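To start, the structure itself, in structure tokens.
Quick note: the coordinates plus some simple rules give every number you see, no bench work behind them. Treat the numbers as computed from the prediction; the structure is a model and nothing was measured. Here the Cβ positions follow ideal geometry from the backbone for every residue, glycine too, while neighbour counts run over all protein chains shown.
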Amino acid sequence: MKKNTINCPQKDYDFYTIPFPVKALFGPRREHYIFSELEKLHPCFSNDCSYDTHFRIEKSGLKADVVVMQKYKVAEYKANKTNLVFKESARHHFFAQRKRKAVYMFLTAAVLLIIVLVYTINLFSAARQPDLTESQLTQTYTEPEPSLQQKELLILHLLNEISTNGGTVSDFSWHFDGYNETAAMLVKGLFPEQFMGFDSEIKLSSMTFEASVPVIPVSFNEHYVVQAPGELSLCETKRNALRKVIVENNLELIEETVQPFGIKFIAQNNQSLETANLISFLEQNNMPVSDLKINSSQNQIKIEIVFSSVNLAGLSGFYECIKNNIKLFFTEQENTMPQEMFSQTEPLQTAQPQQKLFKIGQIIKPDGYVITWYKDENGKIVKR
């Protein structure tokens with residue numbers, strides 16, 4: 001071991017290995033991606049922490065070894081001009097002195113450039129092979145990567161699909177801060193197999209029944225990468241105008257918060273149009289929403305909106321989606337499932353020639369028996 005080089009005590013640091021997408025290697029994406037992963041992996045990760053990274057290649061893909069230490073600890077070691085060695089990655093010097101660090105950075109950049117070239121050549125070569133299908137190429141070269149700023153919010157896809165399949169939503173809670181999007185809700189009137197085409201990040205819990213209507217808790221936690229924080233929003237200046245819109249639409253304002261700026265109001269179960277008018281006001285005045293909660297109780301809908309202090313990237317289409325699907329939350333009539341869903345015990349042998357059926361899901365039982373669900377032209381669900 002070289003002079004002034006010590007094995008860092010394990011109590012002074014935490015070590016993580018993170019799968020790293022090639023597309024996030026360069027520019028601000030790299031630091032944003034590392035920072036976002038550490039927020040999820042490292043308890044109480046904040047500005048009081050320092051981290052250093054080394055990249056390496058495995059058969060499974062590119063990996064980033066990350067060491068996290070408190071800033072004051074790093075400062076102590078640097079004051080003693082100590083080079084640190086960590087047992088998880090003994091060949092690399094993390095938190096190295098500036099001259100040594102510059103060499104490491106140059107070598108790392110060279111290695112990363114080679115990785116990108118190899119990746120590009122392999123991808124180009126694979127694309128030229130005529131015996132591989134498009135789906136096989138996708139399966140071969142797909143790698144985990146962070147969601148990009150331009151990607152559509154997951155909630156938009158989810159609400160549109162629930163509406164298309166005839167479901168309703170209650171106990172709805174949604175949050176977006178520009179980096180993370182989370183949501184939880186109860187979806188009524190849909191079966192688990194009808195979520196087969198949804199994003200893999202969507203989590204389904206155990207299904208229950210209310211008056212023979214299926215109820216499924218649905219949630220997700222999606223991450224996004226943004227290039228820079230937005231400018232300060234002007235939501236605070238719209239307070240009085242927002243109150244006026246609530247009154248004009250006969251909605252009942254019950255609470256208003258100061259920091260952060262937020263409102264709570266009640267809509268009757270037949271006031272979906274009035275609530276959509278309020279959403280239109282938020283859209284027209286560019287008032288970014290960071291939290292939205294919608295709960296129904298005793299023929300009333302309680303809605304809570306918290307506004308963001310900055311203009312959030314990625315909210316394009318959010319207001320339009322909520323307006324278009326507002327009736328998902330206003331269940332004026334109880335969901336009822338066709339009796340055919342439960343009375344049919346044997347698969348149908350043939351379909352009526354004049355009837356058009358659309359496949360919506362499939363279950364394969366342990367004994368190999370297959371049950372397929374269809375929806376006919378009248379919206380009825382049948383099992384085969």
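Some points to look at:
- Nearest-0.05 FRET efficiency for His157 and Asp177, computed from C-beta distance (R0 25 Å): 0.80
- Treating r as the C-beta distance of Val213 and Leu273 and R0 as 22 Å, the FRET efficiency rounds to 0.30.
- Working note: Karplus 6.51/-1.76/1.60 with θ = phi - 60° gives the stretch 189-195 the couplings x, 10, 9, x, 5, 7, 9 Hz, where Gly and Pro are set to x.
- For the stretch 1-66, the tally of Lys pairs with Cα-Cα distances below 24 Å comes to 8, considering only residues 8 or more apart or on different chains.
- Extension gain for Lys264-Thr164 works out to 33.1 nm (0.36 nm per residue, less the C-alpha to C-alpha distance).
- What the Cβ-Cβ distance of Arg239 and His42 gives, at R0 = 30 Å and to the nearest 0.05, is a FRET efficiency of 0.20.
- Summarising the amide proton neighbourhood of Ser233: residues at separation of 5 or more, or on other chains, whose placed amide H is nearer than 5 Å comprise Val310, Asn311.
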